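Note sheet for the following structure.
The values are calculated or read from the model by the stated rules, or taken from the named source; none is laboratory data. What you are looking at is a predicted structure, and each value in this text was computed from that prediction instead of being measured. Cβ: placed from backbone, ideal geometry, glycine included. Neighbour counts: every protein chain shown.
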Amino acid sequence: SVYVGNGSGSSMALVGGSGASTWQSQGAPFSFEVAAGDYIYVAAWDSASYGPPHMWIGQFTIGSTTLYSNTTDWTTKFDNTVKDPSVAQVSALAQSASSWLLPLASMPNGSSPYGSLIGGSPASMIWHDTFGSDSASESGYALFRTLAPVVAVPEPSTYALLIAGLSLLAFATQRRA
């Protein structure tokens, strides 16, 4: 499930999720709103009928910037007591005293047993500790949060004003020369 919220997790909204779907039917793109300063959260767990390897992979396009799942742009913590968490449970874990840590397990998109899940994307399949059944979150879920908040993306009109301003500056500089 995908959430958007503040850095502490005290304000959070569910913006998309698979519910009870299996991984084979997931992966369809969807859109959601995110404001400058918000963080993107991903809560991931395995279905008891499928088991390991545990992982998630994602690609987020924000304006002209693309954010991929990897071990450098995300941080994580886990709860080993609940699968398919509610918004309140995700918010509680985000606010808990346990530390946010960098994900430890990573394999490139295209790796076995899943193959290419996001076309030729450089996104990685990631998990907080290990892909195997010895994962500390085997009975629960892992929560991932962007390492940094979303940066404001200027509207096209802002670019037009910026270009107009730079043009005027260039014109004024040229007149002085």
Q. Based on what the data block shows, is residue 167 of a type in the set (Gly, Ala, Ser), over 24 Å from residue 65 (Cα atoms) and at pLDDT below 80?
A. yes
| said: Condition first: aromatic (Phe, Trp, Tyr), at pLDDT 90 or above and in contact with a His (Cβ under 6 Å, 6 or more places away or on another chain). Can you find one or more residues in the stretch 39-56 that meet it? | reply: no
Exception for residue 54 within (1) surrounded by fewer than 21 Cβ atoms within 10 Å (Cβ to Cβ); (2) part of a loop (DSSP other than H, G, I, E, B); (3) touching a Ser or Thr at 6+ places or on another chain (Cβ under 9 Å) falls at (1)
Here the residues within the stretch 57-71 that are part of a loop (DSSP other than H, G, I, E, B) and closer than 26 Å to residue 133 by Cα are 57, 58, 69, 70, 71
Q: Report yes if residue 92 is surrounded by 13 or more Cβ atoms within 10 Å (Cβ to Cβ) and either aliphatic (A, V, I, L, M) or part of a loop (DSSP other than H, G, I, E, B) (or both), otherwise no.
A: yes
